[in-house]
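One structure below.
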Amino acid sequence: MKYVNVESVEAGELLGKTVYSSNGTVLLSAGVQLTVYMVNTLKRIGVTMLYIQDEAYKDVDAEDILDETTKRAIINEMSVTLESIRSGKDWSPRKVALSIEKLLNDVLNGREMLVQLTDIRTKDNAQYVHAMNVCLLSSVIGLNMGLNYNQLKDLAVGALLHDIGKVGEPPGSGSAANSSLHHTWRGFEVIKNKREFSLLVAHTALQHHEHVDGTGMPRGIKGSEFHLFARIVSVANIYDNLINGLSKDSLMPHEACEEMMALSGTKLDRDILIEFNKSVSVYPNGTAVRLSTKETGVIVRQHRGLPGRPVIRVARGSTRYSLDVVEIDLAQHTTVFIEAVMT
């Protein structure tokens, strides 16, 4: 598969990864042959990047930590939960916990894999995909930091529900002038009333917009004054927002990682950023890149612990009849660098 900009997709190409609707049902299945109408529809609903099947890279896997059934379950549960809150109905902490158990099972089974947040977002499903991504990345970081299973469950629930206070958010509530109405306070109030959840879950939602230098919201606490779980979710939340793909200001993963490092010690915790950088795929599989050798190729494999030094497949030769396909492992070729991502 290749990870490409939707603007370069042509009718007749095969979709590489499934596109989900806002309630977790399948909008377009992997393997479907795209028509002009489908491509235009994807653009209209906000899709900017997607996976396309390519014979030359049929062995390239997106390496998702989460199983497709887990993704559907989480997106559906978030859709049901947020709609219940929006309409003033009760919601089920037990069902949320069950979806978290599915996610943690996948995380534990995929602990050697890097996180690649390349699920296709639309304007309708973005809120749920964001919650799932922040939950996934937070859980992987927490696992790398040595949290036990019960701690991971609390962290994962807090991460999944971190923006629950945005449901029915009044205009201007996120501004400094209205800090008492900030969505983190409303999220805290909604979660703390559910006795099935630890109070840590509510505090994770409350504190995930705080900064280590004390410039965050809603209380302006700093450093270790706010909980480890909230500091982890803060990192995951900012990263996923940077790469959301629905904004003209969204970044590619490698650009977002550089932006994150610039926030070290001010907005974000340095120690957590170290674990973040070990966990996330800087250049997702299928991404086309240009090397410092001026050759172009596609990312085909990752190295756990060396996310910025993947394996790139390059075609060398003077004509299309005399091409030699080679793989350049940047972990071994230490003088070769990725110069640019081709979008």
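For the structure I just gave you, tell me whether ASN105 is surrounded by fewer than 20 Cβ atoms within 10 Å (Cβ to Cβ) and at pLDDT 95 or above.
The answer is yes for ASN105.
Being over 17 Å from the mean Cα position of the chain (by Cα), of a type in the set (A, V, I, L, M, F, W, C) and open to solvent by less than 30 Å² (accessible area, probe 1.4 Å) is the filter; apply it to region 34-81 and report the residue that is nearest to THR118 (Cα to Cα).
Filtering first and then ranking leaves ILE52.
Being modelled with pLDDT of 90 or more, of a type outside the set (Val, Ile, Thr) and either in contact with a Ser or Thr (Cβ under 8 Å, 6 or more places away or on another chain) or open to solvent by 40 Å² or more (accessible area, probe 1.4 Å) (or both) is the requirement here; does ASN5 meet it?
In short, no.
Across region 85-131, what is the number of residues that are within 18 Å of THR25 (Cα to Cα) and part of a helix (DSSP H, G or I)?
11
Could you check region 283-314 and list, in sequence order, the residues that are outside any loop (DSSP other than H, G, I, E, B), crowded, with 17+ Cβ neighbours inside 10 Å and of a type outside the set (A, V, I, L, M, F, W, C)?
The answer is THR287, GLY297, ARG313.
So, in region 190-201, of the ones that are without any contact (Cβ under 8 Å) to a residue 24 or more places away in the chain and either under 16 Å from LYS166 (Cβ atoms) or of a type outside the set (S, T, N, Q) (or both), which residue ends up most open to solvent (accessible area, probe 1.4 Å)?
ARG195
Do you know which of the residues in region 219-234 that are assigned to a helix (DSSP H, G or I) and either open to solvent by less than 20 Å² (accessible area, probe 1.4 Å) or β-branched (Val, Ile, Thr) (or both) is farthest from LEU155 (Cα to Cα)?
For region 219-234, the residue satisfying everything is SER234.
Can you run down the residue pairs with Cβ atoms below 8 Å, 6 or more apart or on separate chains, where the first is in region 316-335 and among the hydrophobic types (A, V, I, L, M, F, W, C) and the partner is modelled with pLDDT under 90 and surrounded by fewer than 11 Cβ atoms within 10 Å (Cβ to Cβ)?
From residues that are among the hydrophobic types (A, V, I, L, M, F, W, C), the pairs are LEU323/GLY317.
If you go through region 235-258 one residue at a time, how many are over 19 Å from ASP124 (Cβ atoms), in contact with a strand residue (DSSP E or B) (Cβ under 7 Å, 6 or more places away or on another chain) and not in a helix (DSSP H, G or I)?
1
Return the residue satisfying two criteria in turn: it lies in region 259-282 and is polar (S, T, N, Q) and either touching a Ser or Thr at 6+ places or on another chain (Cβ under 6 Å) or part of a loop (DSSP other than H, G, I, E, B) (or both), and of such residues it is farthest from GLN116 (Cα to Cα).
For region 259-282, the residue satisfying everything is THR266.
Go through region 49-73 and report how many residues are in a loop (DSSP other than H, G, I, E, B), among the β-branched types (Val, Ile, Thr) and touching a helix residue (DSSP H, G or I) at 6+ places or on another chain (Cβ under 6 Å).
Total meeting the criteria: 1.
Quickly run through region 12-33 and pick out the residues that are open to solvent by less than 60 Å² (accessible area, probe 1.4 Å), in contact (Cβ under 8 Å) with a residue 24 or more places away in the chain and in a loop (DSSP other than H, G, I, E, B).
GLY16, LYS17, THR18, SER21, SER22, GLY24, listed by residue number.
Take region 141-167 and flag every residue that is more than 24 Å from PRO218 (Cα to Cα) and part of a loop (DSSP other than H, G, I, E, B).
Residues satisfying the conditions are MET145, GLY146, LEU147, ASN148.
The values are calculated or read from the model by the stated rules, or taken from the named source; none is laboratory data. These numbers come from a predicted model, not from an experiment. Cβ sites come from the backbone with ideal geometry, for glycine too, and all protein chains shown count toward neighbours. With ligands, DNA and RNA removed, areas are computed over all heavy atoms of the protein, side chains included. Shrake-Rupley method; radii C 1.70, N 1.55, O 1.52, S 1.80 Å.
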